[in-house]
Amino acid sequence: MTNKPVNQALAAEFGLNAEEYARVLDIMGRTPTLTELGIFSVMWSEHCSYKSSRVWLRTLPTKAPWVIHGPGENAGVVAIGEGLAAIFKMESHNHPSFIEPYQGAATGVGGILRDVFTMGARPVANLNALRFGDPKNPVTRRIVDGVVRGIGGYGNCVGVPTVGGEINFHPAYDGNPLVNAMTVGIAPADRIFLSAAAGIGNPVVYVGSRTGRDGIHGATMASAEFGADAEAKRPTVQVGDPFVEKLLIEACLELMATDAIVAIQDMGAAGLTSSSVEMAGKGGVGIELDLDQVPQRETGMSAYEMMLSESQERMLIVLRPGAEEITRAIFEKWELDFAVIGHLTDTGRIVVRHQGRVEAEIPLAPLADQAPLYHRPTAPSPAPKPVGAIPAARLADDLVKLIGCPDLASRAWVWDQYDSTVGGQTVKRPGAADAAIVKVDGHRLALALTTDCTPRYVAADPEAGAAQAVAEAWRNITATGARPLAITDNMNFGNPEKPVVMGQFAAAVAGIAKACTALDFPVVSGNVSLYNETEGSPILPTPAIGGLGVLEDAARAVGLAAAPGQDLVLVGAEPSHLGQSLWLREIAGQEAGPPPPVDLAAERRHGDFVRARIASGEVRACHDVADGGLLVAVAEMLMAGNVGATLAGPTDGGFWFGEDQARYVVAVADGAALVAAAQGAGIPARLLGRTGGEGLTLPDGTTISLATLRSAHERFFPALMET
Amino acid sequence: MKAGIVVFPGINRERDMAIALERASGRKPRMIWHRETDLQGLDLIVIPGGFSYGDYLRCGAMAAQSPVMDSIRAHAARGGHLLGVCNGFQILTEAQLLPGALLRNASLRFLSMDCHLRVERTDTDFTAHYQRGQVIRAPLAHGDGNYFADEATLDRLEGEGLVVFRYVEPDGAVTAKANRNGSARNIAGILSPNRRIMGLMPHPEDLVDPLMGGTDGAPLFEGLSAALAA
Amino acid sequence: MKAVVTVMLKPGVLDPQGKAIGQALSHLGFAGVGEVRAGKVIELELAETDPDAAKNAAESMARKLLANTVIESFKVEIAKGDAA
């Protein structure tokens, strides 16, 4: 590698096209060195530069009175009251997770944790949104196993509870699973650490693990689609060390309690390159690095390798002058490497020295300002095929089949491998409520956390589908009684050079923007993962939404478990929409029709009503109606509470399995009073039935025992993974 | 009660333990960094859960060799109370302060869920606030909780009444299904012969607040606090 | 001088990992595999140049830390002719 001549052919190998390479030559005024070419190629990769997505992302609403820092920092920051801030972000690790599922998922968790604690927050919760291929594909089992073990292996060891997330299966993810990891942390609102470097002459220090040759060009790998040679790319996958991450969290938080830090950033994708370039660039200063000082795990590494290494668990910090010794003492206490590797300059350039030679010298302003920005052509998605002839619903049989299908079956097999209680603040564990509830240690405050996306809706109508994802996140937070505050978006799409894919992206951004605006639910951080294709076939467009809300009093949170002797009330319109429903796919065998329409005004009205009733103490349990429709929502509440119910109403499939939006099922002592209150507020509501007994009796007179429901619900994962 | 919590690098349930101890005793426990050696004046030393040194060689193996362990041995030799939970239990067996070893879970998977425990003995300071035979709930969170000892050791533990918690069904029945990690004789927790050292895999410290789903763990800490009140 | 320490679970200690490997091999169609035991190999680069002294040192390390003799047995081999 080091001996290759730098030319357009090598630039192409590094992922720069001819026009981009010409721009490099123009900025440099000469042929770049190998190290310089490496720096340009990673900084201008899709992963680091957002060159295809930036024009669209700019249109997202990012402000609200409670937003402290929106997109542009390592993670988003919102005020949650009592002088505290929640810091959160979701990020993808899709490509590495296909190549090596365990390490890909594990390092995904590690990376997002660093994005959060680098800002001064103690991480308090992890969630993850996972999409896997067809369960019938033998590869799927291996990927599920590795990803689940990887998330658990890393998250459990660092001692951050994994409290929620979601899992879908679809053949479109065969060969391109999605692993989107979200971390949430808590910090004092006036002690947020940013990445903009400042102070000419200030020392630049390296802390954490040593640098090895791992993951070189990971950022460019994340920006290219898979060919049949994906297996051969294995050596570029990074290996994570959660033990070191745990030490790094503690050491950084200890250092953050002092006034030593000017700026701090983790070395994520493109490692030392992106952290040094971004920190200096944001601060409008220059930076000089002496690579001889970098702690190294291997011998004989070149400047190119060190600048592009993606070794994990490393941070770059700009210190106040004279703070080196206190910093060294803290990192030595935690048995982590510490080295002063450079200083800030007034040159506006990054200068990289190694073994007495200048290996790179690049002006930072043009590296950032002249980064490619594409307004790629878009094309509308073709209309989904119309719904064909469908059979009449058989309520009991269809329900049993639906709650056992891969997208609705119990996720307990997965959750049972994630430590969800460490920290001692988990009020609602996975599956206990529509959003996970994590109390803030020492306060009554609690966070409500969720991830949501229904990719089949987005594929059928990208704008409506993306708006639905935001609305569902808002609804899931609302259903616990919490007030939704903000989202992080993790945009997973195919090859943006294809107009239909770019069109999906643009429409999805428009849908998110509309929903966020209507629901006062701004985007404060995010991540884009493009080129999610294998052999030219794209994934379902998947704008995963991570939502965060706050409850003033953790004791007010409600879960979804119904108890005996409660009335079940539907809040929201009576359903009928079967297009893109799971019933249509699983029972009628069709992936067809438009997704359910999203009425954001109705979402807001219905949600605000439900939240107010929860606050009043009247609601004992609440569950939003989503995948599978009304009957599935009721069944989930009954299984969670281990209680039966008798339901009344129509017997048609549209009513019980339609996936119309803006709806909740609530359990209350007096259903008639709630229905009256809703109707008084102009909100549709209907009494569905009453809980009690050991079985679910349906309006057509059939009864299903709880045991039958539960065994159907719990079969899928163990059958897939343990046989 | 003057309690101290030992913090090895990689330990992660020290704050949970501190909350439970403070809740029961009204007194903040002292955090003991693993390089400290002076543990005089403490009534109770707790080694909490986590992944000390990444659990890389064997769970607890490296922590068991660290400097603070000599002081912990001295505390035990003085008849001081010593509690090891999860990784702490693994460390106590590796340090041979308790017999046996904790092997990989029989399922080879990390287990995180509530389990039910039967309290086998209540004439100890750890369990005095429970009823004998009482079934309590506690979260599990471990990859290596499969208790092993040779038959002679197991017979001795049983014979001397040193098995203090056993994995059971909610109704108290000892079954293979309740024994999710595969432990010998469903053993979840054991005592030293003087009943001053206890090790257990589940996490009573994570179930001391009704907000978190229950208080079944609270009597353990309240019992200790009452017995060790200064 | 390089010492190679092999650590195995003692006979009679349940080895779920070995069992799982055995089952996987059988699923893959490898017939005739009996009991499978999984252990670990630890390589030590030692400054010591005398093979007997190196072996003694490695055995002492194994007893103290590398193996838990409650459940594990170990074997130390000194790599021959390796002066690294």
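Here is how the numbers come out for the structure above:
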| read-out | value |
| --- | --- |
| Verdict on A:E335 being of a type outside the set (A, V, I, L, M), outside any strand (DSSP E or B), over 30 Å from A:V458 (Cα atoms) and open to solvent by 60 Å² or more (accessible area, probe 1.4 Å) | yes |
| Pick from the stretch B:93-133, criterion β-branched (V, I, T) and open to solvent by less than 10 Å² (accessible area, probe 1.4 Å), ranking: nearest to the other protein chains (Cβ to nearest Cβ) | B:T93 |
| Candidates C:L65, C:L25 - the one that is away from chain B (no Cβ under 14 Å), open to solvent by 30 Å² or more (accessible area, probe 1.4 Å) and under 30 Å from B:S183 (Cα atoms) | C:L25 |
| Tally, over the stretch B:35-57, of residues that are under 18 Å from the mean Cα position of the chain (by Cα) and either within 12 Å of chain A (Cβ to nearest Cβ) or under 13 Å from B:L92 (Cα atoms) (or both) | 9 |
| In the stretch A:294-336, the residues that are touching a Lys or Arg at 6+ places or on another chain (Cβ under 6 Å) and closer than 21 Å to A:A263 by Cα | A:P295 |
| Some residue of the stretch C:33-47 being open to solvent by less than 80 Å² (accessible area, probe 1.4 Å) and among the charged types (D, E, K, R) | yes |
| Among the residues listed as A:N94, A:N126, the single one being in contact (Cβ under 8 Å) with a residue 12 or more places away in the chain, away from chain B (no Cβ under 14 Å), polar (S, T, N, Q) and in contact with a Leu (Cβ under 9 Å, 6 or more places away or on another chain) | A:N94 |
| Subset of the stretch A:155-169 (residues that are within 17 Å of the chain's Cα centre (by Cα), among the hydrophobic types (A, V, I, L, M, F, W, C) and farther than 18 Å from A:P135 by Cβ) | A:V160, A:V163 |
| Pick from the stretch A:611-624, criterion crowded, with 19+ Cβ neighbours inside 10 Å and over 18 Å from A:A432 (Cβ atoms), ranking: nearest to the chain's Cα centre (by Cα) | A:R611 |
| Criterion (out of contact with any Leu (no Cβ under 8 Å at 6 or more places or on another chain), among the small types (G, A, S) and farther than 16 Å from A:G201 by Cα) met by exactly one of A:A323, A:A379 | A:A379 |
| Among residues of the stretch C:1-35, those that are of a type in the set (A, V, I, L, M) and either more than 14 Å from the chain's Cα centre (by Cα) or assigned to a helix (DSSP H, G or I) (or both), counted | 10 |
| In the stretch B:180-214, the residues that are within 14 Å of another protein chain (Cβ to nearest Cβ), assigned to a loop (DSSP other than H, G, I, E, B) and within 17 Å of the chain's Cα centre (by Cα) | B:N181, B:S183, B:M201, B:P202, B:H203, B:L207, B:V208 |
| Total residues in the stretch A:185-203, condition buried (at least 21 other Cβ atoms within 10 Å of the Cβ), of a type in the set (A, V, I, L, M, F, W, C) and in contact with a helix residue (DSSP H, G or I) (Cβ under 7 Å, 6 or more places away or on another chain) | 2 |
| Qualifying residues in the stretch B:134-144 (those that are part of a strand (DSSP E or B) and more than 14 Å from chain A (Cβ to nearest Cβ)) - the one most open to solvent (accessible area, probe 1.4 Å) | B:V135 |
| Some residue of the stretch B:145-161 being under 16 Å from the mean Cα position of the chain (by Cα), assigned to a loop (DSSP other than H, G, I, E, B) and surrounded by fewer than 24 Cβ atoms within 10 Å (Cβ to Cβ) | no |
| Matching residues, the stretch B:40-85, being more than 17 Å from A:F243 (Cα to Cα), touching a His at 6+ places or on another chain (Cβ under 8 Å) and surrounded by 19 or more Cβ atoms within 10 Å (Cβ to Cβ) | B:L42, B:D43, B:L44, B:I45, B:V68, B:L82, B:V85 |
| Residue in the stretch A:414-431 that is nearest to A:I80 (Cα to Cα), counting only those that are more than 8 Å from every other protein chain (Cβ to nearest Cβ) and open to solvent by 10 Å² or more (accessible area, probe 1.4 Å) | A:K428 |
| Residue match in the stretch B:145-162 (condition: in contact with a Gly (Cβ under 8 Å, 6 or more places away or on another chain), more than 14 Å from every other protein chain (Cβ to nearest Cβ), aliphatic (A, V, I, L, M) and within 15 Å of B:L98 (Cβ to Cβ)) | no |
| Extreme residue, nearest to A:I249 (Cα to Cα), among residues of the stretch B:1-32 that are facing another protein chain (nearest Cβ under 8 Å) and without any contact (Cβ under 8 Å) to a residue 40 or more places away in the chain | B:N12 |
| Any hit, the stretch A:77-88, residues being surrounded by 24 or more Cβ atoms within 10 Å (Cβ to Cβ), under 21 Å from A:E533 (Cα atoms) and not aromatic (F, W, Y) | no |
| Residue within the stretch A:397-413 that is within 12 Å of another protein chain (Cβ to nearest Cβ), open to solvent by less than 60 Å² (accessible area, probe 1.4 Å), part of a helix (DSSP H, G or I) and over 30 Å from A:L25 (Cα atoms) present | yes |
| Qualifying residue in the stretch A:115-123 (condition: under 23 Å from A:P430 (Cα atoms), of a type in the set (D, E) and at pLDDT 95 or above) | no |
| Some residue of the stretch B:30-41 being within 22 Å of B:H203 (Cβ to Cβ) and in contact with a Ser or Thr (Cβ under 8 Å, 6 or more places away or on another chain) | yes |
| Residue list for the stretch A:162-208, restricted to those being small (G, A, S) and outside any strand (DSSP E or B) | A:A172, A:G175, A:A189, A:S195, A:A196, A:A197, A:A198, A:G199, A:G201 |
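The values are calculated or read from the model by the stated rules, or taken from the named source; none is laboratory data. Keep in mind it's a predicted model, so treat the numbers as computed, not measured. Cβ atoms come from the backbone with ideal geometry, glycine included; neighbour counts cover every protein chain shown. Protein only, heavy atoms only, side chains kept; ligands, DNA and RNA dropped before computing areas. Shrake-Rupley method; radii C 1.70, N 1.55, O 1.52, S 1.80 Å.
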